[in-house]
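S.K.: Have a look at this one before I ask anything.
The values are calculated or read from the model by the stated rules, or taken from the named source; none is laboratory data. Bear in mind the structure is a predicted one, so any value in this text is a computation, not a measurement. Methodologically, a virtual Cβ is constructed for each residue, glycine included, from the backbone with ideal geometry; neighbour enumeration extends over all protein chains shown. The protein model used for the area step is the full one, side chains on, heavy atoms only, and it has no ligands, DNA or RNA in it. Shrake-Rupley method; radii C 1.70, N 1.55, O 1.52, S 1.80 Å.
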Amino acid sequence: MPKVKPKAKYSNNVYIAAEPRQKLEELCTEIGYERRKNMPASAFVRYLIENFGEQANKKILKNSDN
């Protein structure tokens, strides 16, 4: 019987425009060079979310036009 993969709740794809994507790649390249170990963009974004997500959330909500 073939295994059925459960449907993912969220997509794994996030669109990032060209300019911020270029900055993201530059940051990851610099980190990878300094650490002598590849830093995938997804790992960098995950790090930001885990370590600064709540801070960014509060700042965005504080500065919103509501």
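S.K.: Just need a number here: residues in segment 16-48 that are surrounded by 11 or more Cβ atoms within 10 Å (Cβ to Cβ), part of a helix (DSSP H, G or I) and among the aliphatic types (A, V, I, L, M).
M.R.: Of the residues in segment 16-48, 7 are surrounded by 11 or more Cβ atoms within 10 Å (Cβ to Cβ), part of a helix (DSSP H, G or I) and among the aliphatic types (A, V, I, L, M).
S.K.: Something else: Sort out which residues of segment 49-66 are of a type outside the set (D, E, K, R), part of a helix (DSSP H, G or I) and open to solvent by 100 Å² or more (accessible area, probe 1.4 Å), and write them in order of number.
M.R.: Passing the criteria: 49, 55, 60, 61.
S.K.: What are the pairs, 6+ residues apart or on separate chains, where a residue within segment 39-55 that is at pLDDT below 95 has its Cβ under 6 Å from a residue that is loosely packed, with under 12 Cβ neighbours inside 10 Å and hydroxyl-bearing (Ser, Thr, Tyr)?
M.R.: Matching pairs, first to second residue: none at all.
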